[in-house]
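For reference, the structure is listed below as structure tokens.
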Amino acid sequence: MLHLASRSPRRADLLARLGLDFGVLDLDLPERRAPGEPALDYVRRVAREKAGAGLLRVVAVPGAVVLAADTEVILDDEVFGKPADAAAAADMLRRLSGRTHEVVTAVSVVAAGREAQAVSRSQVTVEALDEAAIARYLACGEWQGKAGAYAIQGRFEAHVAHLAGSHSGVMGLPLYETRQLLRQFGIDP
């Protein structure tokens, strides 16, 4: 049976688009970048750790397969995680304003004795945002719990001047890469 190791309703919705039945594992793991750890390595490591922790929860289930992902916004090798509050979110949005940043999503799939991983890298260009636009976006609340303080699938999409890569990857689960990984584990959506 397939299990999604994620508390994200957005990831569950995306995985459901593949037409699969799956269980959800509610995990709460610390996500801290080690000093000197390259941003890409950090995203990959967190996805692997989530999948491994999920597998430990269902190891007794015959044929259990666990999928986990991590998505981060990266600008100038700085990882923009989930903002702690509106002030931190505003700071992130000001820094992303008028620039192109990278959104990296690593997807890990594990089962007893097997693991595989894929990485989706997308470039997102945000239009120049004035303080009024930032304030309006913060007021809608979509930024809460979102890497980089925005949700591309919501109101912020109107501020995205260009996207090169995977729209679903920026949302949190790149469906093409996920489908390819699951096929390696005999799950064919």
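The values are calculated or read from the model by the stated rules, or taken from the named source; none is laboratory data. The structure displayed is predicted, hence computed values, not measured ones. Backbone-built Cβ (ideal geometry, glycine too); neighbour counts: all protein chains shown. What goes into the accessible areas is simple: the full protein's heavy atoms, side chains included, and nothing from ligands, DNA or RNA. Shrake-Rupley method; radii C 1.70, N 1.55, O 1.52, S 1.80 Å.
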**Report entry** Residue list for region 2-11, restricted to those being under 15 Å from residue 171 (Cα atoms) and surrounded by 15 or more Cβ atoms within 10 Å (Cβ to Cβ)
**Finding:** 6, 8, 10, 11
Requested in this report: Scan region 63-88 for residues that are touching a helix residue (DSSP H, G or I) at 6+ places or on another chain (Cβ under 6 Å), part of a strand (DSSP E or B), under 20 Å from residue 2 (Cα atoms) and touching a residue at least 60 places away in the same chain (Cβ under 8 Å) and jot them down.
Outcome: 66, 68, 69
Query raised in the report: Given the structure, is residue 46 closer than 12 Å to residue 3 by Cα, of a type outside the set (Gly, Ala, Ser) and under 17 Å from the mean Cα position of the chain (by Cα)?
Result: no
Query raised in the report: Can you name the condition, by its number, that residue 41 falls short on among (1) at pLDDT 95 or above; (2) outside any helix (DSSP H, G or I)?
Result: (2)
Query raised in the report: Tally time: how many residues in region 79-124 are open to solvent by 50 Å² or more (accessible area, probe 1.4 Å) and among the β-branched types (Val, Ile, Thr)?
Result: 1
Query - Test for residue 121: is it assigned to a helix (DSSP H, G or I), basic (Lys, Arg) and modelled with pLDDT of 95 or more - result: no
**Report entry** All positions within region 90-104 that are under 12 Å from residue 159 (Cα atoms) and among the hydrophobic types (A, V, I, L, M, F, W, C)
**Finding:** 93, 96
Query - Criterion violated by residue 33 - all others in (1) modelled with pLDDT of 95 or more; (2) crowded, with 17+ Cβ neighbours inside 10 Å; (3) more than 19 Å from residue 171 (Cβ to Cβ) satisfied - result: (1)
Query raised in the report: Do we have residue 60 as assigned to a loop (DSSP other than H, G, I, E, B), under 18 Å from residue 6 (Cα atoms) and at pLDDT below 95 here?
Result: no
Report summary line: Within region 136-172, of all residues that are part of a loop (DSSP other than H, G, I, E, B) and in contact with a Ser or Thr (Cβ under 7 Å, 6 or more places away or on another chain), the one most open to solvent (accessible area, probe 1.4 Å) is 165
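Within region 36-61, how many residues turn out to be hydrophobic (A, V, I, L, M, F, W, C) and surrounded by fewer than 21 Cβ atoms within 10 Å (Cβ to Cβ)?
Residues in region 36-61 being hydrophobic (A, V, I, L, M, F, W, C) and surrounded by fewer than 21 Cβ atoms within 10 Å (Cβ to Cβ): 8 in total.
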Report task. Pairs only if they're at least six apart or on different chains, beta carbon under 7 angstrom, first in region 129-149 and under 12 Å from residue 82 (Cα atoms), second in a helix (DSSP H, G or I) and open to solvent by 30 Å² or more (accessible area, probe 1.4 Å); list them, first residue then second. Result -> 142/155
